[in-house]
1. Which residue is most open to solvent (accessible area, probe 1.4 Å), if the candidates are limited to region 135-157 and must be of a type in the set (A, V, I, L, M) and outside any helix (DSSP H, G or I)?
2. Criterion first (open to solvent by 70 Å² or more (accessible area, probe 1.4 Å) and small (Gly, Ala, Ser)) does residue 239 satisfy it?
3. Could you check residue 123 against (1) in a helix (DSSP H, G or I); (2) within 10 Å of the ligand (Cβ to nearest atom) and say which number it fails?
4. From 298, 271, 290, 278, grab the single residue that is under 24 Å from residue 176 (Cβ atoms) and open to solvent by 20 Å² or more (accessible area, probe 1.4 Å).
5. Go through (1) in contact (Cβ under 8 Å) with a residue 12 or more places away in the chain; (2) crowded, with 18+ Cβ neighbours inside 10 Å; (3) away from the ligand (no atom under 12 Å from the Cβ) one by one and return the number of the condition residue 24 breaks.
6. Between a residue in region 346-364 that is farther than 13 Å from residue 102 by Cβ and in a helix (DSSP H, G or I) and any residue that is open to solvent by 20 Å² or more (accessible area, probe 1.4 Å) and within 10 Å of the ligand (Cβ to nearest atom), which pairs come within a Cβ distance under 7 Å, given they are 6 or more apart or on different chains?
7. Which condition breaks for residue 97 when tested against (1) within 24 Å of residue 295 (Cβ to Cβ); (2) surrounded by fewer than 22 Cβ atoms within 10 Å (Cβ to Cβ)?
8. Write out, first by first residue and then by second, each pair whose Cβ atoms fall under 6 Å of each other, whose residues are 6+ apart or on separate chains, and whose first residue, in region 295-319, is touching a residue at least 60 places away in the same chain (Cβ under 8 Å) while the second is charged (D, E, K, R) and away from the ligand (no atom under 14 Å from the Cβ).
Amino acid sequence: MANYAEPSSVQLPAALRPMLSLHDFEGAARRRLPRPIFGYIAGAAEDCASLRDNREVFAEYGLVTRVLRDVSQRSQSVTLFGQRYSSPFGIAPMGINALSTYRGDLVLARAAQQAGVVSIMSGTSLIPMEDVARESPATWFQAYIPGDQARIDALIDRVERAGFSTLVVTVDIPISANRENNIRTGFSTPLRPSLRLAWDGMVRPAWVLNTFLRTLWRHGMPHFENSFATRGAPILSPSVLRDFSARDHLNWQHLEAIRRRWKGPLVVKGLLSVEDALQAQRIGADGIVLSNHGGRQLDGAASPMRVLEAVVQAVGPDYPVLIDSGFRRGADVLKALALGARMVLIGRPFNYAAAVAGEAGVAHAIGLLRDEVDRNMAMLGVTACHELGPQHLVRRHR
Ligand SMILES: Cc1cc2nc3c(=O)[nH]c(=O)nc-3n(C[C@H](O)[C@H](O)[C@H](O)COP(=O)(O)O)c2cc1C
């Protein structure tokens, strides 16, 4: 069964017609977003070595096809934590989405829920988590661990009260990374009013009108709503300092405490080592996300694709290992599944898609990737994701 209709460019809004792959959204978003906002999304740490590795790694795996296997009845759906999802990919948590498009977190969550794919709301977001959970209850919530136990407990309790089922705890930010790019483009949190910022806005009047002023008019100045149980700093201020409360003292006991308090599925995001994966499994996390944060934290950190096989072998085939950083094509997704990943998360392209055309943009991006996965499954000779395995890959030697 060809599950999905060919994408029809006829009904698409004009802005989306040239968007033929996830790559295409980047240039279109660059033309729509003010320089600091685009720079924040696109940027990575220091020399972008990890950012590059996240893409280059895929060329090291060739796909091995099987033929004449009757692939007319195929499905790319996967089951995770008792829920069935229509595709083996989802939307990674990204902070400050509400500056990419009007009500960005709601836009991404809605589009994902409509398509039946995973979407994870970032804790560094500008829309109260309760609004997203109410509108799109299938959304997962991602938290950074606040620095002390009382605030950790209060945040976990708030996430539960809001109604989220799955909690993702990101652990790869003991301290802020060195993103020189943010300084060069004039990005900071909060944004500091300046002539340069005003100019960056003036040359993107549609964004100022449709995203920034519309938000101010209808909802007031956006604040960091979800880093803690209480409201944080505004997104624009000449003087307010954001509370980055120290996280470099955190250890596995903090995660154990979260495990005891959070009763639903718990996923630990931001691991690269076999030992950390085993530790997360031992303390009772229900799954992990292998990630180098899209190259935004430790520059030089390996692409998680390089550790995937060893991690899956250590934790066993039944333990959910998710992965992100650099995935852009259906073939990339299938390579990770063949190495044992249960699901792939994708960040920037969905953010750009929201900037280009809001919910329709995100739906289109999901559709493009879904079609790539579907076509590639047929050409690989598989009818379900669980059929993929190491037999579908060959390592290319440099
Ligand atoms: C603009 C932006 C903001 C992000 N904010 C968060 C965040 O708040 N929490 C988090 O766990 N990861 C965050 N990430 C990392 C993503 O969840 C994900 O690991 C990464 O984007 C995957 O790489 P990709 O963008 O190449 O697909 C962010 C990434 C981007 C691009």
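The values are calculated or read from the model by the stated rules, or taken from the named source; none is laboratory data. All values derive from a computational prediction rather than experimental measurement. Neighbour counts run over all protein chains shown; Cβ positions are idealised from the backbone, glycine included. Protein only, heavy atoms only, side chains kept; ligands, DNA and RNA dropped before computing areas. Shrake-Rupley method; radii C 1.70, N 1.55, O 1.52, S 1.80 Å.
1. 138
2. When the stated conditions are applied, residue 239 passes them.
3. (1)
4. The match here is 298.
5. If we test residue 24 against (1) in contact (Cβ under 8 Å) with a residue 12 or more places away in the chain; (2) crowded, with 18+ Cβ neighbours inside 10 Å; (3) away from the ligand (no atom under 12 Å from the Cβ), just (1) comes out false.
6. As it stands, the answer is 348/42; 349/328; 351/94, since those pairs meet every condition given.
7. Of everything listed in (1) within 24 Å of residue 295 (Cβ to Cβ); (2) surrounded by fewer than 22 Cβ atoms within 10 Å (Cβ to Cβ), residue 97 misses just condition (2).
8. 299/46; 299/47
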